[in-house]
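The values are calculated or read from the model by the stated rules, or taken from the named source; none is laboratory data. None of the values given here were measured: they were computed from a predicted structure. Here the Cβ positions follow ideal geometry from the backbone for every residue, glycine too, while neighbour counts run over all protein chains shown.
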Amino acid sequence: MYNPALASSPPKQQVKPISAAHKRYLQDLRRHRVLVRATQLMILVLIFALWEILARASIIDPFITSQPSRILRTITTLYQEGALFNHIGITCLETIIGFVLGTIIGVGCAILLWWSKFLSEVSEPYLVVLNSLPKIALGPIFIVWIGAGPTAIIVMTLAISLIVTILEVLSGFLGVDKEKVKLVQIFGGSKFQILTKVLLPASFPNIINALKVNVGLSWVGVIVGEFLVSRAGLGYLIVYGGQVFKLDLVMTSVVILAIAATIMYKGVVQFEQFVLSKTGLKQREEKNLI
């Protein structure tokens, strides 16, 4: 007997089994990634081991270059004094605030410049000049205007990263296929719909690249700001260690900075993979590897 409910129900999709060749490809891809990570870790271990050996053999002066064992002792001392996480926390907080503000304001300004062609043409020479201006030279000006404190450091971070974000994201907007934009316009799409349905998804790689660049620029801005005004933080430890010739403290701060910047960069990469997997843009092979 004819059943309308059964007739209207969509057929169930059958999951196709993975072929043997595809399984081998996934295994090779997984093996390649493990090999890359292992090689990277091995290189890092060899660098620190060679550093320690050369310092112990007095081939390099450990007072000037420090050495891994002395760095570990310095980290232990800072921890026992209760200052380690205080300095790390202050620098990381300032960096995250500057990074988030720089990204949000930069993307917002890029959207505004794309929205108004007149405003984009007016601001173009100013963006070029500001991008070429050495922002570090503005540090003393910010201190005088804003005062010595975390606010000046965050503003310094924004000055270094903001223009790069605007230019990178705006370049992504302008590089979107014009035919796609025209197609939405033909179907009566508004400018807001063009932005949300075409430009932002198509410019996602540019936005992610801007985030990755901002990671490094944010750390540069914060450290430069701490060089000038801070009384705490990793930048302060570097300046203080150089002034009193405690180069173990300087190298310890540099190593901690490298670790923190790496973690922050990996966070951006994980965010990229999360968004790609949620939007269905990620390739099936990479989905199966997660």
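List every residue pair whose Cβ atoms sit under 9 Å apart, with the two residues 6 or more apart in sequence or on different chains, where the first one lies in the range 180-195 and is over 16 Å from W114 (Cα atoms) and of a type in the set (A, V, I, L, M) and the second, anywhere, is part of a helix (DSSP H, G or I) and modelled with pLDDT of 75 or more.
Note: pairs meeting the criteria are L183/V198; V184/Q193; V184/I194; V184/K197; V184/V198.
Out of the residues in the range 237-254 that are touching a residue at least 24 places away in the same chain (Cβ under 8 Å) and aliphatic (A, V, I, L, M), state the one that is surrounded by the most Cβ atoms within 10 Å (Cβ to Cβ).
L237
Among the numbered conditions (1) closer than 25 Å to E121 by Cα; (2) modelled with pLDDT under 75; (3) part of a helix (DSSP H, G or I), tell me where G189 comes up short.
With respect to (1) closer than 25 Å to E121 by Cα; (2) modelled with pLDDT under 75; (3) part of a helix (DSSP H, G or I), G189 is out only on (3).
Inside the range 79-125, can you point out the residues that are over 16 Å from the mean Cα position of the chain (by Cα), of a type in the set (G, A, S) and within 16 Å of T151 (Cα to Cα)?
The answer is G89, and nothing else.
State the number of residues belonging to the range 255-290 that are polar (S, T, N, Q), exposed (fewer than 13 other Cβ atoms within 10 Å of the Cβ), farther than 30 Å from I47 by Cα and modelled with pLDDT of 50 or more.
Looking only at that region, the number is 1.
Please pick out the residue among A159, A137, A83 that is out of contact with any strand residue (DSSP E or B) (no Cβ under 9 Å at 6 or more places or on another chain) and either of a type in the set (D, E) or modelled with pLDDT under 80 (or both).
Just a single option satisfies the conditions, and that option is A137.
Scan the range 142-190 for residues that are polar (S, T, N, Q) and more than 23 Å from G233 (Cα to Cα) and jot them down.
Result: T165, S171, Q185, S190.
Restricting to the range 110-128, what's the tally of residues that are crowded, with 20+ Cβ neighbours inside 10 Å and in contact (Cβ under 8 Å) with a residue 60 or more places away in the chain? Spell out how you get there, then give the answer.
From the range 110-128, those crowded, with 20+ Cβ neighbours inside 10 Å are 110, 113-114; that's our starting set.
In the following step, the residues that additionally are in contact (Cβ under 8 Å) with a residue 60 or more places away in the chain were identified as 110, 114.
Qualifying residue count, the range 110-128: 2.
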